[in-house]
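J.: Handing you this structure, nothing more for now.
The values are calculated or read from the model by the stated rules, or taken from the named source; none is laboratory data. Remember, it's a predicted structure, so these values are computed and weren't measured experimentally. Here Cβ is always computed from backbone atoms with ideal geometry, including for glycine, and neighbour counts include all displayed protein chains. Remember, those area values only see protein heavy atoms, side chains included, never the ligands or the DNA or RNA. Shrake-Rupley method; radii C 1.70, N 1.55, O 1.52, S 1.80 Å.
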Amino acid sequence: MTAPAPALRIGSTAGRGTLLAAILASGMVFLDSTVVNVALPRLGAELGATVAGLQWTVNGYLLMLAAFVLLGGALGDRFGRRRVFLVGVVWFAVASVLCGLAQGTGWLIAARFLQGAGGALLTPGSLSVLQASFDPDDRARAIGTWSGLSGVSTALGPLLGGWLIDTLSWRWIFFVNLPLAVGVVLAALRWVPESRDEAASRTGAGRRFDVAGALLGALGLGGVTYALIDAPARGAGSPTVLVAALLGVLGAVVFVLVERRRGDAAMLPTGLFGSRLFSVLNIFTVVVYAALGGFTFFLAVYLQNVVGWSALLTGLATVPMTLLLLVGSARAGALAARIGPRLPLTVGPVVAAAGLLLLRRVGPGASYWVDVLPGVVLFGAGLTLVVAPLTASVLAAVADRFAGVASGFNNAASRAGGLLAVAALPLLVGLSGTGYEQKTALADAFRGAMLWCAGLLLAGAVLAALLIHRPRREGPPSAEGPSRSGIRRGRG
């Protein structure tokens, strides 16, 4: 049995080393979530990839993260957070090398699936080791430092990736993870204390340790995604597409039934959805992050293959959006705490949609400052109004004991939104085969995709205006936990 983790102080050597390990690890995951889009035109040309190949390069990674991130957190609680964290880091690094060595699209996609699985072990671990290891007086500061510096890595990722792509090769956006992983492993072995949920370890039954739920969730998302991606090539009525769609729908239905039967022992306790506000907020999350996923997928390819920009300049294009999120998210969260989340979650998507409509005007030879920057800034400003209030509202909509699973599910919902958008948008705008290499076809598809993404954002704004309100707590919290139902319901 593992002893309780010591309470680290942020000013100690061990505290700084633990922070370093968590920040470098999450930086790897964030880097590969943002920079791959910039590399799509180059790797597509070198590997002879179709649009479907590019979609799976992005979606293989997102699918594994969305389906297994909750299970990854539960494995850490049961078997040791540092142990599972280190397994995730090594797994992610090996998969990254396989991505960089890929000699064909199938190889790359398979390696991206493996990379996403490693990320699902690594992502919850980078935060949980901080939560479990630091003294309560330093915990908020440690998590804030982790969040801020991880955000910086997100901002710098497209720039670093663009430079690597232009200077060396797209393969180096994956190879760069190897030295980072070595640093994480050395720091974690030296400074990160081991911790686990002792009750789960003794009984062998953790509340969220639900392999069946994770597999069914992956089947549901994977089946629908495969059908959407494969439909342009095979036809919507082909047996392969229909079988994939049917398996996806059946997987989703059985997932709900299994989780309902398991109750609070489920990976996703269905009682959470007794809170109408929690349900609405997660639908809103899927819609908004679908727009974000579709936007980033199309923009990176469009700026290089139609506008004619380098990978570095393409990476620079979205940096203002990330900087706005870093600078403005805390202020947006404070604003929502004062006035409630409805107004920020209504206005934010409208502002972001205006940015996407501006970007539809971008064409060959476009100026970054005149044509691209205004739309990106508007989109980033709108997203800034959304992210922090959305996260805070999701957590406030459920009882404290469900905060971890609620946050994890909302994270999975955001990834699922991006996953489905990348799968569906090329079908909706008629882009298939090697159409992304043809300027006219890609330009038409890009403008259509921006319209769809703007429409999703406006739909989210309507949803927020009509159904989202300030969460309320049913009296002061007690030492015994939440109310009998286990769920806090918002006002109707």
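J.: List the pairs whose first member sits in the stretch 101-128 and is free of Cβ contacts under 8 Å to residues at least 40 places away in the same chain and within 20 Å of Ser150 (Cβ to Cβ), whose second member is crowded, with 23+ Cβ neighbours inside 10 Å and polar (S, T, N, Q), and whose Cβ atoms are under 9 Å apart, counting only residues at least 6 apart or on separate chains?
T.: Once the first residue is free of Cβ contacts under 8 Å to residues at least 40 places away in the same chain and within 20 Å of Ser150 (Cβ to Cβ) and sits in the stretch 101-128, its partners that are crowded, with 23+ Cβ neighbours inside 10 Å and polar (S, T, N, Q) give Gly118/Ser96.
J.: A follow-up question, please. With respect to Arg361, determine if the residue is in a helix (DSSP H, G or I) and over 21 Å from the mean Cα position of the chain (by Cα). Give the steps one after another, and end with the answer.
T.: Working: in a helix (DSSP H, G or I): no; over 21 Å from the mean Cα position of the chain (by Cα): yes.
Here the answer is no, as Arg361 does not meet what is asked.
J.: Looking only at helices (runs of 4 or more DSSP H) that lie completely in the stretch 155-243, which have at least 1 residues being at pLDDT 95 or above and surrounded by fewer than 18 Cβ atoms within 10 Å (Cβ to Cβ)? Break it down stepwise before answering.
T.: Details: elements: 172-175, 177-191, 198-203, 211-234.
Helices (runs of 4 or more DSSP H) meeting the threshold: 172-175, 177-191.
J.: If you take the residues of the stretch 265-307 that are out of contact with any helix residue (DSSP H, G or I) (no Cβ under 8 Å at 6 or more places or on another chain) and assigned to a helix (DSSP H, G or I), which of them is nearest to Ala67 (Cα to Cα)?
T.: Ala265
J.: Then there is this: State whether the residues of the stretch 311-325 include one that is at pLDDT below 95, open to solvent by 70 Å² or more (accessible area, probe 1.4 Å), closer than 21 Å to Val288 by Cβ and not in a loop (DSSP other than H, G, I, E, B).
T.: Within the stretch 311-325, one or more residues are at pLDDT below 95, open to solvent by 70 Å² or more (accessible area, probe 1.4 Å), closer than 21 Å to Val288 by Cβ and not in a loop (DSSP other than H, G, I, E, B).
J.: Going by the structure shown, is Ala22 more than 27 Å from Asp230 (Cα to Cα), open to solvent by less than 10 Å² (accessible area, probe 1.4 Å) and either at pLDDT 95 or above or touching a helix residue (DSSP H, G or I) at 6+ places or on another chain (Cβ under 8 Å) (or both)? Break it down stepwise before answering.
T.: Values: more than 27 Å from Asp230 (Cα to Cα): yes; open to solvent by less than 10 Å² (accessible area, probe 1.4 Å): yes; either at pLDDT 95 or above or touching a helix residue (DSSP H, G or I) at 6+ places or on another chain (Cβ under 8 Å) (or both): yes.
When the stated conditions are applied, Ala22 passes them.
J.: Go over the candidates Ala392, Ala441 one by one and state the one that is more than 24 Å from Leu63 (Cα to Cα), surrounded by fewer than 21 Cβ atoms within 10 Å (Cβ to Cβ) and under 23 Å from the mean Cα position of the chain (by Cα). Please lay out each step first, then the result.
T.: Values: Ala441 fails: under 23 Å from the mean Cα position of the chain (by Cα).
Testing whether each residue is more than 24 Å from Leu63 (Cα to Cα), surrounded by fewer than 21 Cβ atoms within 10 Å (Cβ to Cβ) and under 23 Å from the mean Cα position of the chain (by Cα) leaves just Ala392.
J.: Looking at the stretch 434-446, is at least one residue polar (S, T, N, Q), touching a helix residue (DSSP H, G or I) at 6+ places or on another chain (Cβ under 7 Å), at pLDDT 90 or above and not in a helix (DSSP H, G or I)? Show your work before the answer.
T.: Of the residues in the stretch 434-446, the ones polar (S, T, N, Q) are 434, 438, 440.
Adding the requirement that they be touching a helix residue (DSSP H, G or I) at 6+ places or on another chain (Cβ under 7 Å) leaves none.
No, that holds for no residue.
Residues checked against (1) farther than 20 Å from Pro179 by Cα; (2) open to solvent by 10 Å² or more (accessible area, probe 1.4 Å); (3) in contact with a Phe, Trp or Tyr (Cβ under 7 Å, 6 or more places away or on another chain):
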{"position": "Leu86", "(1), (2), (3)": "no, yes, no"}
{"position": "Trp91", "(1), (2), (3)": "no, yes, no"}
{"position": "Leu101", "(1), (2), (3)": "no, yes, no"}
{"position": "Thr105", "(1), (2), (3)": "yes, yes, no"}
{"position": "Ile109", "(1), (2), (3)": "yes, yes, yes"}
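J.: Might you let me know whether the stretch 37-55 holds any residue that is closer than 22 Å to Ser407 by Cα and either open to solvent by 50 Å² or more (accessible area, probe 1.4 Å) or not basic (Lys, Arg) (or both)? Give the derivation first.
T.: Just the residues of the stretch 37-55 that are closer than 22 Å to Ser407 by Cα, to begin with: none.
Taking every residue of the stretch 37-55 in turn, none turns out to be closer than 22 Å to Ser407 by Cα and either open to solvent by 50 Å² or more (accessible area, probe 1.4 Å) or not basic (Lys, Arg) (or both).
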